Amino acid sequence: MSVTVLVGSQWGDEGKGKIVDILSEKYDIVTRYQGGANAGHTVAIGDKQYILHLIPSGILRDKVICVIGNGVVIDPTALLDEIALLKKNNIKVDGRLFISHNAHLIMPYHKLLDSISEQGNNKIGTTGRGIGPCYIDKFARKGIKIVDLLNKKVLEEKIRENLKEKNKLLEKIYDSKGLDVEEIIEQYLAFDKAIDKYIKDVPAFLNEAISKGKSILLEGAQGALLDVDHGTYPFVTSSSPTAGGACTGTGIPPTKINNVIGIVKAYTTRVGNGPFPTELLNDEGENLRKIGAEYGATTGRPRRCGWFDAPLVKYSAMVNGIDSVAITKLDVLSGFDEIKICTGYKLNGKLLKSYPTDVDRLSAVIPVYESLPGWKSDISGCLSYDDLPEKTKNYLNFITEKSGINISIISVGPKRQQTFYVSSVR
Ligand code: GDP
Ligand code: IMO
Ligand code: MG
């Protein structure tokens, strides 16, 4: 497959980083298409663990070229910190990382406005990285782009113009202290020197690569249910993690996408607020968190945990056009006597036919569960589908049947070798 989109199929943190790292062995280019440093993609190599926020997870394979598309919002400080960390670990970045000239910049006022809006009554539980306010400015056509770093005069003008409005907002509406415009200008003028060498005309670069037969893996951040259009609005992020976002966020046309892979955790987690029908607010939820080490890779917040939700995954497969999935963290379910799977939602006593993304209905649904016996043995050393216990195979067959998905990859631990390809499930 030459152009593949990889999407988170639930509420993020499905193990995208790990699977991108596995797949990128076979790709020439890995490209991020949306989100920003709100993402935390973990890759474990030997005893080392890398958490990538902005740079595609393909950077850990030295033959892979990495690209940040126009759909991503870039905090230059976070970007430069990440580059420095990689370089410290002897990972070559220069000549391998390219950033779209059209990507928008996260400014200090975006982060401040993000944290202020989270102090009100309707908290989303954001990561505090300035994501929402930056996308607001992008769509209000007030944003500052990476390309603006190249023109000092334009950059200074844009910062002054924005600060005039933002300081009024901060002081008069939010009763907060305004920001020092000269300080921000000085800080952002200096980024040009460090970032210039990475800037590229990404749509031209990627489309030329496709025409030369190069393969591209498009790495989604967050997950389908956090999509601003298709997720559980307003408890979503401000970008388009679903597969369609891969086109608008890079300049690769839909006709060039060959394949969509969904990453699906063997159970469900969510960070931040919003409805979560299969959430377990008991010892079982606590056990999933403990065994699965379910703490945010970006903020360290404990993740909310619950059983596998087949209606959610079925919906996600529909809006993403998922061809096959990688099931991750299957090992975390080892040890449970009984494993529940949500197979449907009831509302006012009636089984729902389609997924209710509106929070009122989603908060009111009663999940319908079926139970399967647990396998009660360690599967983290399994090297193939055939190695898995019968009860694990039954679980996989059951969730694929109920969600209407095909499994192509199974992950039984955070490490590279704890992964195998399958063709025997559905
Ligand atoms: P992402 O945001 O989708 O890339 O996922 P995160 O990196 O935020 O969270 C996934 C976590 O699970 C990371 O700590 C991974 O190292 C870990 N992980 C990935 N796959 C597996 C797996 O199959 N089993 C276990 N136990 N951990 C895994
Ligand atoms: P990865 O790529 C899980 C959640 C936040 C919050 C909502 C909005 O690692 O899977 P934002 O800061 O984006 O405005 O927050 O989205 N969120 C994530 N949850 N994984 C992520 O990224 C997330 N990025 C944002 O917790 O509920
Ligand atoms: Mg994550």
Residue in the stretch 300-309 that is crowded, with 21+ Cβ neighbours inside 10 Å, within 18 Å of the chain's Cα centre (by Cα) and within 24 Å of residue 385 (Cα to Cα) present: no
- prompt: Is it true that some residue in the stretch 383-393 is closer than 25 Å to residue 354 by Cβ, outside any strand (DSSP E or B), within 16 Å of ligand 1 (Cβ to nearest atom) and not acidic (Asp, Glu)?
  reply: no
message: For the stretch 106-128: of the residues being among the polar types (S, T, N, Q) and free of Cβ contacts under 8 Å to residues at least 40 places away in the same chain, which is farthest from ligand 1 (Cβ to nearest atom)?
response: 121
Selected residue (only one of 319, 325, 313 is touching a His at 6+ places or on another chain (Cβ under 6 Å), more than 16 Å from ligand 3 (Cβ to nearest atom), at pLDDT 95 or above and not assigned by TED's automatic domain parsing to the domain that holds residue 206): 319
Test result for residue 411, touching a residue at least 24 places away in the same chain (Cβ under 8 Å) and either surrounded by fewer than 20 Cβ atoms within 10 Å (Cβ to Cβ) or within 20 Å of residue 278 (Cβ to Cβ) (or both): no
message: Is it the case, given these coordinates, that residue 319 is crowded, with 17+ Cβ neighbours inside 10 Å, within 19 Å of the chain's Cα centre (by Cα) and within 24 Å of residue 21 (Cβ to Cβ)?
response: no
Residue in the stretch 218-267 that is farthest from ligand 2 (Cβ to nearest atom), counting only those that are buried (at least 20 other Cβ atoms within 10 Å of the Cβ) and of a type in the set (Phe, Trp, Tyr): 267
message: Just the residues that are more than 19 Å from residue 371 (Cβ to Cβ), in a loop (DSSP other than H, G, I, E, B) and more than 15 Å from ligand 2 (Cβ to nearest atom), please, taken from the stretch 281-315.
response: none
- line: Those helices (runs of 4 or more DSSP H) completely within the stretch 1-119 that have 2 or more residues that are under 20 Å from residue 237 (Cβ atoms), under 14 Å from the mean Cα position of the chain (by Cα) and within 14 Å of ligand 3 (Cβ to nearest atom) are 16-23
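The values are calculated or read from the model by the stated rules, or taken from the named source; none is laboratory data. The structure presented is a predicted model; accordingly, all values stated were derived computationally and were not measured. Using ideal geometry, Cβ is built from the backbone for each residue, glycine included, and neighbour counts are taken over all protein chains shown.
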